[in-house]
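Values in this text are rule-based calculations from the coordinates and carry no lab data. Since the structure is predicted, the reported quantities are computational estimates derived from the model, not experimental observations. As a convention, Cβ positions derive from the backbone with ideal geometry for all residues, glycine included, and neighbour counts pool all protein chains shown.
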Number of protein chains: 6
Amino acid sequence: MFIHKVNETTAFKIPEERDAATLLEIVENNRTEFGQWLPWVKDMYSADDEQAFIKNGRQRMAAGTFWFAAIMYRDNIVGLLDLHQISQEHHRCQIGYWLAGSCQGKGIMTAAVRELETIAFNELNMNRIEIMADKNNQKSRSVAERRGFHLDGILKQYAFYNGQFRDMALYSKLKQ
Amino acid sequence: MFIHKVNETTAFKIPEERDAATLLEIVENNRTEFGQWLPWVKDMYSADDEQAFIKNGRQRMAAGTFWFAAIMYRDNIVGLLDLHQISQEHHRCQIGYWLAGSCQGKGIMTAAVRELETIAFNELNMNRIEIMADKNNQKSRSVAERRGFHLDGILKQYAFYNGQFRDMALYSKLKQ
Amino acid sequence: MFIHKVNETTAFKIPEERDAATLLEIVENNRTEFGQWLPWVKDMYSADDEQAFIKNGRQRMAAGTFWFAAIMYRDNIVGLLDLHQISQEHHRCQIGYWLAGSCQGKGIMTAAVRELETIAFNELNMNRIEIMADKNNQKSRSVAERRGFHLDGILKQYAFYNGQFRDMALYSKLKQ
Amino acid sequence: MFIHKVNETTAFKIPEERDAATLLEIVENNRTEFGQWLPWVKDMYSADDEQAFIKNGRQRMAAGTFWFAAIMYRDNIVGLLDLHQISQEHHRCQIGYWLAGSCQGKGIMTAAVRELETIAFNELNMNRIEIMADKNNQKSRSVAERRGFHLDGILKQYAFYNGQFRDMALYSKLKQ
Amino acid sequence: MFIHKVNETTAFKIPEERDAATLLEIVENNRTEFGQWLPWVKDMYSADDEQAFIKNGRQRMAAGTFWFAAIMYRDNIVGLLDLHQISQEHHRCQIGYWLAGSCQGKGIMTAAVRELETIAFNELNMNRIEIMADKNNQKSRSVAERRGFHLDGILKQYAFYNGQFRDMALYSKLKQ
Amino acid sequence: MFIHKVNETTAFKIPEERDAATLLEIVENNRTEFGQWLPWVKDMYSADDEQAFIKNGRQRMAAGTFWFAAIMYRDNIVGLLDLHQISQEHHRCQIGYWLAGSCQGKGIMTAAVRELETIAFNELNMNRIEIMADKNNQKSRSVAERRGFHLDGILKQYAFYNGQFRDMALYSKLKQ
């Protein structure tokens, strides 16, 4: 089990295919909340779906176009975070994340994003990190704001999911 | 020669490989101005480069992930415009364009973009069209503004080209 | 809509996927006649089939191995013509065509083929254009003959379709 | 060494990559004559070229789109013959062949083509076999004529090689 | 039919797709015995399976990564042998074989393997030939022993098939 | 930096492309010794070679056909170990490893292989692990022997590298 320690209670773990059941269980337990904001939730219903996601994610990570880790809290997997839309040309990427409802409110995600910023700026050669959240997803926006991301703008009807066009809030932080 | 008429003087034409020399000549004549804002200009130096671009563009257009046309003014090719980052899922795309300096100031590009909006909204099933321009590229930003695009925000250090990070202005227009 | 004008009443149009329903309707209305001579008719039964054909045709056209256009008469799609078996090495290709029965007898196809000859010889660098028709398909052979194509020979049992071997008439015209 | 016996003196042999040097030597010794009629001769100058041809030929033969054999006379390789343009749909193919000048005039090729007709009609499910030869390649046309092929026509400027358009004689023989 | 003669009664034949029914029939008649030792037997139930195997085998043979032949005895196909795991880098390969029960005990396989050794060492540039057989497959091990292969070792639980881990006997012979 | 702890001084680390220079330096410092036994050493001369190896290794690891880790000793990379020839069908794989000469003799590799056995048997679903070493590579064979692997046999002339055929010692350990 390959681990990147974040702090005394929290760590990142390279997702493995045998983590599929655990990750799926968290999705199941939080399907209502996650499904409101995360378009992929409606396509994630079996361990096979989750395994396929993990395998594909690892392959894209090996190719340098993606990065992801399971979030562990006191040795249990409780969430996931990733860097997508990685552009080596423009030194830019976007953070995504989700956390089991039962572990929210403990500062886990704020610590995790802080660590991921360090990884992105220092190890992965990024210059600009973005967070994009549904305008109405207050929890996700709060993570960006607590980490000092700048609100670049509200992008009207930028995304379409769950049958509706959605306004998206775009945040960014620069390496400087 | 396949033509889409815009108005009495202006038309769109499907680019063909034999248009490569003409398009390259315009790039050559405007290399200083274009090179300031368009990252691809530094890689476009021969008719072969231009032919490869046209062939690739036609293939992506056939696949539905791209759309482009040469702009004709009084039967001469004078520029090019395109839709890139076409997302069928989110019904969203981005407009790109350039026009020979000698033809600027005649309203050609404003008319061309107006027509392209109609095509994108009515024929290509788009809901949100974006224009992204370097913050300092006033000519390009004026086209967006004349066409009533909304400034969503200034994205700091969003792009890296010609050796510098660039702030980009993001505009959008909705179908409604 | 990208148009190549043939004469006052007739034009060529780049086929688009949203033309599938219109093209399929013509096939439906002429299934008996077309099915007698055109082997693909028995596989063209849904808008999906027709869309797949259009998408594939556009991709091969972009790759330079195929060329096709819908035939418009007084602003309605009434048929299709194409260049297939395009050989850049030997500067040779073959014309295919079909026209709605309701529009036959007006000289539309003769005008369309005349225009396509010009395109093939002058724009596409062809030297020899062929028309191959079932020996018994008198309508198709008449188009070749009206356009002054030379009968190279009758190729016995050259094709197999609808459960029978067919003798084919091979016509050709040179650029000179 | 896998052999198909034709008669007491002649056999077919599956080409192997280690036959490249022998085949190339025959091409070298007959370059002037072969080069007059066979377009590929000008690209066949090294054992690597010949090996690549053999490897590619074997792969296409395994895929059912090609068939070829070296011609052996008294245990020496003296030529090659093939079936190309194999159409399973139309049960049709074309014969190609060449023979070292030193072995011409002994009836080897006539016997070889007779045997290949049997293979094509009886084992490979063909119905129509074609031979296409340059109108002026009298030796090749004589093989077709001695084997009773029917001259379907002279196809004017059908091929372009060695800098000239060439008229081609098309012969065919049917299974029945 | 391409043939490599082994001795007065025995020959190798390049497998062709039309041999599928014959090969399948032998498998059917020997399913109990073969199925005990050959893992692929449980997946070989139709002429389509057998044809797919032959086509794939011919393609890999053309690519130089495989070699196989049907074994003919008095003009009938009675078995098959192959070289797999061909390493051009290490000049090493492994022999596989099976023979209809009704033809066993006549020395056919011993003669066939002797001939295949010659082909592998002299034509295919191999230096080490291996035979791997289930520890309990006495018939197969006897072929290796009669041909003077050296027992390198018993590889415990090397293979898993028919629901069990199997110990495998590894034999080898060097070109010297 | 993703870490799997082995013991107080030793850990495994997922190789990253930015580790290329460090790994290459160890190869450079041990080129004579490594080059004697490891065929790939002669092709590993630049950071680009090493980066390509790491990228390819990560992609194969994501696909489940390979597994590798850098060995860290007191926070420095000092070697590498891997599982190759992973067969999910037979639950079998082979261990490979190398260690900087300056760190040999401290029990690092024995501890690393012990840990890797646990990973292979418990996490990766393997049943048989092999170690294959040149018969004369006493250091490598000692690792296998210290870890209680069984010597299955000496495979004569099994490998060819550095211009010679090599006898290889094959060891194995079963999960039981």
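Residues F:Ile26, B:Ile3, ranked from the fewest to the most other C-beta atoms within 10 Å, line up as B:Ile3, F:Ile26. Taking the DSSP bridge list for the protein assembly as shown and keeping only pairs wholly inside it, about 90 percent are antiparallel.
Here the relative contact order of chain A, from alpha carbon pairs under 8 Å that lie six or more residues apart, stands at 17 percent. Need one word for the stretch B:36-176: rounded, prolate or oblate. Basis is the Cα gyration tensor (sqrt eigenvalues a ≥ b ≥ c); a/c below 1.5 gives rounded, then a/b vs b/c decides. The shape class here is rounded.
Using alpha carbon centroids, what distance separates the stretch D:27-66 and the stretch A:3-48, in Å? Answer, in whole Å: 57. Here the stretch B:3-174 is treated with +1 on each Lys and Arg Cβ and -1 on each Asp and Glu Cβ, and its dipole about the Cα centre works out to around 480 debye.
On the rotation that sends chain F to chain C, the chain F Cβ lying closest to the axis gives residue and distance in whole Å as F:Gln59, 14. Taking a ≥ b ≥ c as the square roots of the Cα gyration tensor eigenvalues, the protein assembly as shown comes out oblate, since a/c reaches at least 1.5 and a/b does not exceed b/c. Listed from fewest to most Cβ neighbours within 10 Å, the set A:Met1, E:Met61 follows the order A:Met1, E:Met61.
For the peptide A:88-95, the mean number of other protein chain Cβ atoms found within 10 angstrom of a residue's Cβ is 3. Taking the Cα centre of the protein assembly as shown as reference, the dipole from Cβ charges on Lys and Arg (+1) and Asp and Glu (-1) amounts to some 0 debye.
FRET efficiency for the F:Asn122 to F:Glu17 pair, using the beta carbon distance and R₀ = 30 Å, is estimated at 0.55. Normalised by the number of residues in the stretch C:1-47, the mean separation of alpha-carbon contacts (under 8 Å, six or more apart) gives a relative contact order of 26 percent. In nanometres and ascending order, the distances from the A:Asp43 label point to those of the other copies are 2.8, 2.9, 2.9, 3.7, 4.2 (point 7 Å from Cα along Cα→Cβ).
Cβ crowding within 10 Å ranks B:Asp152, E:Asp167 as E:Asp167, B:Asp152, fewest other Cβ atoms first.
What shape does the stretch D:2-80 have by the C-alpha gyration tensor, where a ≥ b ≥ c are the square roots of the eigenvalues, rounded means a/c under 1.5, and otherwise prolate means a/b greater than b/c and oblate the rest? It comes out oblate by the Cα gyration axes. Amide hydrogen proximity for D:Ala63: with H placed 1.01 Å from N in the peptide plane, no residue at 5 or more positions away or on another chain lies under 5 Å. Proximity of backbone amide H atoms, modeled 1.01 Å from N, is registered between C:Val6 and C:Ala11, C:Phe12 at under 5 Å, excluding neighbours fewer than 5 places apart on the same chain. Within 10 Å of the Cβ of each residue in F:59-69, the mean number of Cβ atoms contributed by other protein chains is 3. On the beta carbon distance between F:Asn76 and E:Ser46, with R0 = 56 Å, the FRET formula returns roughly 0.45. Inside 10 Å of the C-beta atoms of F:148-158, what's the mean count of C-beta atoms belonging to other chains? Averaged over the peptide's residues, the number is 5.
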